[in-house]
Amino acid sequence: MYDVIIIGGAAAALTAAIYSSRRAMKTLIIAKSIGGQAAMTDVIENYPGFLSVGGIPLMNKMLKQATKSGAEINFEEVNSIDEISKKNEKSIFNVKTTAGSKYKTKTVILAYGKTPRTLDVPGEGKFGAKGVSYCVTCDGPLFNGKNVAVVGGGNSALEGAEYLSKICPKVYLVHRRDAFRGFEYLVKEVKSRKNIEILYNSAVKEIKGGNSVQSIVVEDFAKGGTKEILVSGVFVEIGSVTKTEFIKQLVKLDQIGQVITNNYAETFYPDSEKIRPGIFAAGDLTQTPFKQIVVSAGEGCIVADWVSKKKK
Ligand code: NAP
C-alpha cells in the first residue's frame, strides 16, 4: 500500500515525488517516460538557478533527486483508477497499468501533463517512428543531411525549423495560417534562414512513402490545389492535448479536457462543486494558463505538501 501514487514523469510529478518522499510518505511514480514536454526542449534559459540547461539533463536531475529522497519509479502506462473503499472521507484506490500491474494507494496525484496533438491524416500512423516525429529535440539529429517538413506555427515549430535548418539542406515549414503565434525573435530568425521555405495557409493532407516517409501532400488554401513535396521526415509540432479517457469518470474537467483544481491542487467530482478526496492534480494537465516548467515544479510542491498536511 502506497501513501501516494504520482502519475507522470516530468517537473510537476518529480517535484511532488521529492516533497512527498521527504515527508516520509511511501511514494510511487508511474511514468511512461521521463521529462514530458520539457525533455523536448533543447535549451532552457528561464528555469531559476540555471543560466542555460538542456531539458533532458534538467529532468534527469529532478528524477535523481526524487529517487534519492526515497520515491520508487515504475515505467508503465496507467489505464485505470478505481476507488475500492472509502471510510470517513479516506479512500483507497486501485491503480492499474496497461502492463497488467495493480497498485493500492491512499492518494493519487495526476501529473502526466499533455501529449502531442496529431495531424490525423493518412500515413501519419503508418510512418510513426519511420519518419514522422513529434519532437525535433529528440529525433532531429536523425535527419542530418535530409530534407524535412515541420508542421505548426507556434514556438515549437519555429524552434524546430530553426534547429533543423542547421543540419538539413531544406526545411519546409507548413502552417495553416498566414501569421505565426510564436516569439517575434524566432519568427524573424526563421524568416531569415535561406533554406527554410514557409508554406503559409497550407495543410499536410497525406504522408506517403515505402518503408519510411518519402513525401507529403500539401494543400494550399489560399491559391487552391495540392502539391507533393519530397521529404524524409515530418515533424508534427502543433501543440498538445490532455489524455482524459481514464480520469473523466473520476474528476471534473473543463471543455478542453484539463483537470479543474483549487489552490490546494484538489480536484472535484465530475459535474459537481464537491471536492474529490484522495485525487489531486498538478502541472500542465490542469487549467493553469502558465504552462512553464517552474510553474509545474511549484504545483508539484503545493500538491505534495497539502497531501502530507491532510494525512496528519
Ligand atoms: P502552440 O503554441 O499551441 O501552437 C500550436 C501551433 O500548431 C499553432 O500555430 C496552431 O495553429 C497549429 N495547429 C494546431 N492544431 C493544428 C492542426 N490540427 N493542424 C495544423 N496546425 C495546427 O503549441 P507549441 O508551439 O507546441 O507551444 C506550446 C507552449 O509551449 C506554448 O505556450 C509555447 O510558447 C511554449 N513553448 C515555449 C518555448 C520557449 O519558451 N522557447 C518553446 C516551445 C514551446 P494556429 O496558430 O492557427 O492556432
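The values are calculated or read from the model by the stated rules, or taken from the named source; none is laboratory data. As the structure is a prediction and not an experimental result, all values here were calculated from the model. Here Cβ is always computed from backbone atoms with ideal geometry, including for glycine, and neighbour counts include all displayed protein chains.
Within this structure, GLU299 fails the test of being over 23 Å from the mean Cα position of the chain (by Cα) and among the charged types (D, E, K, R). Within region 164-182, residues that are farther than 23 Å from PHE143 by Cβ sit with their Cβ atoms under 9 Å from residues that are surrounded by 23 or more Cβ atoms within 10 Å (Cβ to Cβ), at 6+ positions apart or across chains, in these pairs: ARG177/GLY153; ALA179/GLY153; ARG181/GLY153. Just one of the listed residues (PRO277, PRO289) is more than 14 Å from ALA16 (Cβ to Cβ), at pLDDT below 95 and in a strand (DSSP E or B), namely PRO277. Checking GLU45, GLU83 one by one, the residue that is more than 23 Å from GLU237 (Cα to Cα) and of a type in the set (Asp, Glu) is GLU83 and no other.
Residues are listed down the side, and each one gets a yes or a no for (1) within 16 Å of the ligand (Cβ to nearest atom); (2) hydroxyl-bearing (Ser, Thr, Tyr); (3) in a loop (DSSP other than H, G, I, E, B); (4) in contact with a Gly (Cβ under 7 Å, 6 or more places away or on another chain):
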| site | (1), (2), (3), (4) |
| --- | --- |
| ILE216 | yes, no, no, no |
| GLU219 | yes, no, no, no |
| ALA222 | yes, no, yes, no |
| PHE235 | yes, no, no, yes |
| GLU245 | no, no, yes, no |
| GLN249 | no, no, yes, no |
| ILE256 | yes, no, yes, no |
| ASN263 | no, no, yes, no |
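Among the conditions (1) more than 13 Å from the ligand (Cβ to nearest atom); (2) at pLDDT 95 or above; (3) surrounded by 13 or more Cβ atoms within 10 Å (Cβ to Cβ), the only one that LYS90 does not satisfy is (2). Looking across ALA304, ALA282, one residue alone is more than 16 Å from the ligand (Cβ to nearest atom), out of contact with any Gly (no Cβ under 7 Å at 6 or more places or on another chain) and touching a residue at least 40 places away in the same chain (Cβ under 8 Å). It is ALA304.
Considering only residues in region 131-142 that are surrounded by 15 or more Cβ atoms within 10 Å (Cβ to Cβ) and not polar (S, T, N, Q), the one that is modelled with the lowest pLDDT turns out to be CYS138. Checking each residue in region 144-160 for being more than 6 Å from the ligand (Cβ to nearest atom), in a helix (DSSP H, G or I) and of a type outside the set (A, V, I, L, M, F, W, C) picks out only GLY160.
Residues that are surrounded by 19 or more Cβ atoms within 10 Å (Cβ to Cβ) and more than 21 Å from ASP220 (Cβ to Cβ) were ranked within region 164-181; the one that is farthest from the ligand (Cβ to nearest atom) is CYS168. Among the criteria (1) of a type in the set (Asp, Glu); (2) assigned to a loop (DSSP other than H, G, I, E, B); (3) crowded, with 18+ Cβ neighbours inside 10 Å, the one GLU299 does not fulfil is (2). Count of region 182-214 residues, restricted to those that are more than 25 Å from the chain's Cα centre (by Cα), within 11 Å of the ligand (Cβ to nearest atom) and in a loop (DSSP other than H, G, I, E, B), is 2.
For GLU228, the requirement of being away from the ligand (no atom under 16 Å from the Cβ) and closer than 30 Å to ILE196 by Cα is met. Just one of the listed residues (TYR103, TYR134, TYR47, TYR112) is among the aromatic types (Phe, Trp, Tyr) and under 30 Å from VAL218 (Cβ atoms), namely TYR134.
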